[in-house]
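A.B. asks: Dumping the structure here so I can ask a few things about it.
The values are calculated or read from the model by the stated rules, or taken from the named source; none is laboratory data. What you are looking at is a predicted structure, and each value in this text was computed from that prediction instead of being measured. Cβ atoms come from the backbone with ideal geometry, glycine included; neighbour counts cover every protein chain shown.
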Amino acid sequence: MRGKGLIDIETEVLVPFFDVDMMDIVWHGHYVKYLEVARCALLDHIGHNYMQMRASGYGWPVIDLQLRYVRPAVFGQKLIVRASLVEWENRLKINYLISDAATGERLTRASTVQVAVESASREMQLASPKVFVDAVQRALS
């Protein structure tokens, strides 16, 4: 994680059995789900979640995903997933930190980049829609 963003949310995830391999270690692809849980909590906090994005006429596909695995998560482990909003005016960039809830030990850091796509035309937008920027500005104040 490269520092906190302007808006941060933390959420807890308990590693379920179906996310681990035969060594009780979380399969690498499941970390993306944990990021999504935190991203949804962040967007809810901002007041412009995926349902509101869709209603405003825009989709927000992930166009870039970066993950850095430091230590493995294991079955039954409680995780804290922090999502930090770092960019929103031209694209939505969120940094993440996954850590052990009991010790605070860093397990994984990540980032995602999403861009607005107008639903009707399927055209990628070069700037975030005003409705989203306004929601972030309200959350910041």
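A.B. asks: Which number in (1) without any contact (Cβ under 8 Å) to a residue 40 or more places away in the chain; (2) part of a helix (DSSP H, G or I); (3) surrounded by fewer than 15 Cβ atoms within 10 Å (Cβ to Cβ) marks the one condition that residue 90 misses?
C.D. replies: Just one mismatch for residue 90, condition (2).
A.B. asks: In the stretch 48-57, how many residues are within 24 Å of residue 5 (Cα to Cα) and exposed (fewer than 13 other Cβ atoms within 10 Å of the Cβ)?
C.D. replies: So the answer is 1.
A.B. asks: Would the stretch 88-99 turn up any residue that is out of contact with any His (no Cβ under 6 Å at 6 or more places or on another chain) and farther than 22 Å from residue 7 by Cβ?
C.D. replies: no
A.B. asks: Can you tell me which residue in the stretch 1-17 is farthest from the chain's Cα centre (by Cα), limited to those that are farther than 18 Å from residue 140 by Cα and either small (Gly, Ala, Ser) or at pLDDT below 95 (or both)?
C.D. replies: Only one residue fits best here, namely 2.
A.B. asks: Residues of the stretch 101-115 being touching a helix residue (DSSP H, G or I) at 6+ places or on another chain (Cβ under 7 Å) and over 14 Å from residue 86 (Cα atoms), which ones?
C.D. replies: Listed by number, the list holds a single entry, 108.
A.B. asks: Something else now. For the stretch 103-137, give me each residue that is under 19 Å from residue 49 (Cα atoms), part of a strand (DSSP E or B) and of a type in the set (D, E, K, R).
C.D. replies: 118
A.B. asks: Which one of these is over 16 Å from residue 99 (Cβ atoms) and surrounded by 15 or more Cβ atoms within 10 Å (Cβ to Cβ): 27, 60?
C.D. replies: Just one listed residue meets the conditions, 60.
A.B. asks: Further, regarding this structure: Taking residue 71, is it outside any loop (DSSP other than H, G, I, E, B) and either among the polar types (S, T, N, Q) or at pLDDT 95 or above (or both)?
C.D. replies: For residue 71, the condition - outside any loop (DSSP other than H, G, I, E, B) and either among the polar types (S, T, N, Q) or at pLDDT 95 or above (or both) - is not met.
A.B. asks: Considering the stretch 9-24 alone, what residues qualify as being surrounded by 15 or more Cβ atoms within 10 Å (Cβ to Cβ) and assigned to a strand (DSSP E or B)?
C.D. replies: Across the stretch 9-24, the qualifying residues are 9, 10, 11, 13, 20.
A.B. asks: Also, quick follow-up: So residue 83 clears everything in (1) touching a strand residue (DSSP E or B) at 6+ places or on another chain (Cβ under 7 Å); (2) surrounded by 21 or more Cβ atoms within 10 Å (Cβ to Cβ); (3) farther than 14 Å from residue 11 by Cβ except one condition, right? Which one?
C.D. replies: (3)
A.B. asks: Would you confirm whether or not the stretch 33-47 contains a residue that is over 15 Å from residue 107 (Cβ atoms) and not in a helix (DSSP H, G or I)?
C.D. replies: There is at least one residue in the stretch 33-47 that is over 15 Å from residue 107 (Cβ atoms) and not in a helix (DSSP H, G or I).
A.B. asks: Please work out which residue is surrounded by the fewest Cβ atoms within 10 Å (Cβ to Cβ), limiting yourself to the stretch 120-141 and to residues that are within 22 Å of residue 65 (Cα to Cα) and of a type in the set (S, T, N, Q).
C.D. replies: Per the stated criteria, the residue is 125.
A.B. asks: Can you list residue pairs whose Cβ atoms sit under 6 Å apart, with the first residue in the stretch 52-64 being within 24 Å of residue 110 (Cα to Cα) and the second being of a type in the set (Phe, Trp, Tyr) and surrounded by 15 or more Cβ atoms within 10 Å (Cβ to Cβ)? Count only pairs 6 or more apart in sequence or on different chains.
C.D. replies: Sorted first by the residue in the stretch 52-64, then by its partner, the pairs are 53/60.
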